[in-house]
1. How far apart, in nm, are the 7 Å Cα→Cβ label points at residue A:199 and residue B:95?
2. At what distance in nm do the modelled label points of residue B:61 and residue B:233 sit from each other, each positioned 7 Å from its Cα along Cα→Cβ?
3. Using only Cα atoms, find the angle between the long axis of helix A:137-147 and the longest principal axis of chain A, and express it within 0 to 90 degrees, rounded to the nearest 10.
4. Under the rule a/c < 1.5 gives rounded, and otherwise a/b versus b/c splits prolate from oblate, where does the protein assembly as shown land using the Cα gyration tensor?
5. Return the FRET efficiency for the residue pair residue B:153, residue A:35: r is the Cβ-Cβ distance, R0 is 41 Å, and the value is rounded to the nearest 0.05.
6. Would chain B count as rounded, prolate or oblate if I go by the C-alpha gyration tensor, calling it rounded below 1.5 in a/c and otherwise prolate when a/b exceeds b/c, oblate otherwise?
7. Full-extension gain between residue B:85 and residue B:310, please, as 0.36 nm times their residue separation minus the C-alpha to C-alpha distance.
8. How long are the semi-axes of the equivalent ellipsoid of chain A, taking √(5λ) for every eigenvalue λ of the Cα gyration tensor, in whole Å from largest down?
C-alpha cells in the first residue's frame, strides 16, 4: 500500500485512475451528491435546449394529459408541459437558493465577526439572534411575504432573514476560539489594524465552517421557497418556480398527481444532493466539524 | 439552584422581549404601506385608512409599541381583521388538533430516532449505519408535502388502512382521533426523526469512544447495558437539546402538514389568515409559537440543572 495520506486528498498526483477511483470510493457522498447536483444544474440551465414546450404559454386543448411520449411529465390544468415547467422551475429555485446562501453568508459572517471581536456588542447581537431563532422560519417568512409586494426579491429576503442567525452563531463561536490563538495575539501586538486582522487572520480560518453552513442553507432555501409557494405566499404565480408549480399542482392532486409529483421529486433530489455534498465536504475539510453543525 | 433558575428565567424574559420587538417592528420596517398591501388591490382609500387605524398604524411609533406591549402583557393579541374576534379566542378554538399533531409527531420521531441513531453509532461504518444515514438524509431533504402525499397514496388510497385527511376530536372516541393523526404524525415525524437520528448517532459515537465505556465493557457488561445505561445517559443532553431547538422546525412543519391533511388547527388558521391578509392573526400566531418555543427550551434547560449539578454552576 502506498501512502497517499501525505498528499492533498483532492489531487491524485501522477494522474493515475486508481487513485482517483480510491478517492471517489472513500468520499462516496461527494461523488453521488456532486453528480446528481451537476446533472440537475445542467438540465435547469440548459432548459431552453432540452424542453421543447413553452413553460408559461397556455395550451388548453392539451390539458390534463398524463405522462407519456409527447408530454414526458404530463400537462397541467392549462395544458402547460410539466417537464418544461419543472426544468425552468429549477432555474428559479437555484437562483433563489444561491442568492439566499450568499446573502445570509455575507451578512451573517459580518455580524458574527463583529460580535466575536467586540465584547460590548456580543451580548446585544446574540440576544437579537436568539430572538430571531425563536421564531419558526416558515412563519417569519410567511409574515414578511404578507406585508410585502410579492416578488422574487421579497422571497429571497424573507428566506434570508431567518437563516442569518445560524451563520452569526457559527462565525461567532469560531471567532471566540481563534481570537485567543497566539498568532492572532501576535498580530495584535505588532499593531495590525482590526479590518486587516479580521480579513487576513480570522476570516480564512472561519471559512470552512461558513462554506459548509452555506451549503446547508442552500438546501433549506430550496425547501422553504417550495413551502412558501405551497402555502400561497411565494413568488408571483406567473413565474414557474418549483414553489408555484407545486402550489398549482396541490389543488390538482386528486385528478392529476403528476403536476406535483415530478417537480416535488426533482426538488427533493436537488435538496438531497446539496445536503450530501455538504456532508461530504464537511467530512473532507474538517472532520471535527461533524459535531458542531 | 435558585440563582441558576433565576438566571435562566431572566434570559428567557429577555429573549421573549426581543421576539416581541422583532414581531412589532416587522410591520413597521416593511417597505411601502403595509395597510395598503393588507387591504389588497381592490381597496379604496377609506378601506386602507380603516385598516391603518385598526392596526394602530396612525399613531406615533413609541406610543404604538407601549400600547401593544401593555395589551400583550394582559394577554390581548389584538382583533382579527376578518372575523372581528380576539386572536386569542381564534387560536384557542384551534389549539387541540395542533397540540395533538405535535405530540404524535414527537412520539413517532423519538421512537424511531433513538433506536436508529444508537444502532448506527454502534455499527458505525457498516452497511447498516450507511443505510440508516441514507434514510435520514432522504427524509430530511424531501418536502413534507411529497412525503405526506406519498403516505396518503399508499396507506389511505391504495391499502385503505387509514383516512385520507381530516380530523376527529378526542371527545368523539380515541381510535377515530388517533386514526386521523397517524399519517400526518408519521409525515412530520419522519422529518424530525432525520434530524434526531443524525444527532443521536453523532453524540453516541463520541460517547462510545470514552474511557468509561471501555471500562464498562472490560468489566463484562452486556452490550445493551453499555449502550443504554452508560452511553445513552451521557449522550442525553445534546439529544434533548436538539429536540428543544427542533421545536421551531416542528412548529413550521405543523403549518405545512395541517395544510396537506386538512387538519383544522392553528396552522390552518394561519394559512387562512394569509389568504385573507388578516395580519393580526398571523402576528398573534408567530408570537404564541415563538413563546412556546422559548418556554419549552427554558424547561429543558432547567431540567438539565435538576439532573446534572455541574450545569448549574457553569
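Bear in mind that the values in this text are calculations on the coordinates, not laboratory data. Quantities reported herein were computed from a predicted structural model and do not represent experimental measurements. Virtual Cβ from ideal backbone geometry, glycine too; neighbours counted across all protein chains shown.
1. 5.4
2. Reported label-point gap for residue B:61 and residue B:233 is 5.5 nm.
3. In chain A, helix A:137-147 runs at an angle near 60 degrees to the longest axis.
4. rounded
5. Details: r = 29 Å, r/R0 = 0.70.
It comes out at approximately 0.90.
6. On the way: a/c = 2.60, a/b = 1.54, b/c = 1.69.
Here chain B falls in the oblate category.
7. That works out to 76.2 nm of additional length.
8. Numbers: eigenvalues 327, 148, 35 Å².
They are 40, 27, 13 Å, listed largest first.
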